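Just so you know, all these numbers are worked out from the coordinates, no wet-lab data involved. These numbers come from a predicted model, not from an experiment. We place every Cβ from the backbone using ideal geometry, glycine too, and count neighbours over all the protein chains shown.
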């Protein structure tokens, strides 16, 4: 019977995903109520092997895991605290249909158009991205690729070492938080914003707000 009990809750999410962060807050609250439970977060773009081992398909996904490491159940997307607690109790009372055998994750090649500077104009550049998981997050992926892009003949306005910290989308607006290792002037800032605006316009984002964090302080 012990193998049927939840011993660990694992949150699989992208590091910049706001929904994943909100789900993490919920799960930490739940873990505080169940001292016997361990809680951990797996960032799928970094810990690819673990995401593929459990065949995660959706960002975010909450896994309920037995002591032997077996998946008992999963919740995909965001869920409130009461839903998570109810799931734990139903698993304990054997009232849940246990997890099916999920198909293996498949590596795919995705195409993205990034807007970079050439001769003073922003032009689309097609790049290929090898997605080693089955999790699709095109807007987050596009931003990540954009800030790190190095394409011959084009200028990337983002300083080397720029990383994506958080994205928040509300209707057609996007708030993008980036971490920089150097300061930038106003002209560079405007170019960064324009590159994001044009790249994200393909996904229905009409307005971009840029939040910058300098390395070493918020």
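Can you give me the C-alpha center-to-center distance between segment 110-169 and segment 39-65, rounded to a whole angstrom?
Spelled out, the Cα-based centre of one part sits 24 Å from the other.
What residues from segment 6-23 fall in the zone where the backbone N is under 18 Å from a label point 7 Å along the Cα-to-C-beta line of residue 78?
11-23
Given springs between every Cα pair under 10 Å in a Gaussian network model of the chain, which of 187, 142, 31 has the largest fluctuation?
Looking only at 187, 142, 31, the largest GNM fluctuation is found for 187.
Calculate how large, on average over all directions, the projected area of the Cα convex hull of segment 130-218 is; give the answer in nm² to one decimal.
6.7
How far, in degrees from 0 to 90, does helix 138-148 lean away from the longest principal axis of the Cα atoms of the chain, to the nearest 10?
It is inclined by approximately 50 degrees.
Provide the convex hull volume over Cα atoms per residue for segment 49-169, in Å³. Write out the running numbers ahead of the final one.
Details: hull volume 16.8 nm³, N = 121.
With only Cα atoms used, segment 49-169 gives 139 Å³ per residue.
With 15 Å as the cut-off, how large is the P(r) tail for segment 24-67, expressed as percent of Cα-Cα pairs? Walk me through the numbers before you get to the answer.
Working: 449 of 946 pairs.
Counting pairs separated by more than 15 Å, the tail of P(r) holds 47 percent.
Taking only Cα atoms and a 10 Å spring cutoff, compute GNM fluctuations for the chain and point out the largest among 108, 162, 62.
Comparing 108, 162, 62 in a Gaussian network model of the chain, the most mobile one is 108.
Pull up the DSSP beta bridges for the chain and report the antiparallel fraction as a percent, rounded to 5.
Rounded to the nearest five, the antiparallel share is 65 percent.
Over segment 147-205, what is the relative contact order in whole percent, taking alpha-carbon pairs under 8 Å and six or more residues apart?
Relative CO of segment 147-205 lands at 29 percent.
Based on the Kirkwood radius over alpha-carbon pairs, what is the Stokes-Einstein translational diffusion coefficient of segment 2-92 at 25 °C with 0.890 mPa s viscosity, in µm²/s?
Rounded, D is 190 µm²/s.
What's the exposure ranking of 158, 39, going from fewest to most Cβ atoms within 10 Å?
Exposure proxy ranking, most exposed first: 39, 158.
For the chain, set up a GNM with springs between Cα atoms under 10 Å and report which of 89, 194, 165 has the largest fluctuation.
Per the Cα network of the chain with a 10 Å cutoff, 89 tops the list.
At 37 °C and 0.692 mPa s, what whole-number value in µm²/s does Stokes-Einstein give for the translational diffusion of the chain, with Rh from the Kirkwood sum over Cα pairs?
On the way: Rh = 19.1 Å.
Using the Kirkwood radius from Cα pairs, D works out to 172 µm²/s.
Taking every DSSP beta bridge that has both residues in segment 108-214, what percent is antiparallel when rounded to the nearest 5?
70
What angle do you read, to the nearest 10 degrees and between 0 and 90, between the alpha-carbon axis of helix 18-33 and the longest principal axis of the chain?
Helix 18-33 sits at roughly 30 degrees to that axis.
Relative contact order (percent) for the chain, with alpha-carbon contacts under 8 angstrom and 6 or more residues of separation?
The value is 17 percent.
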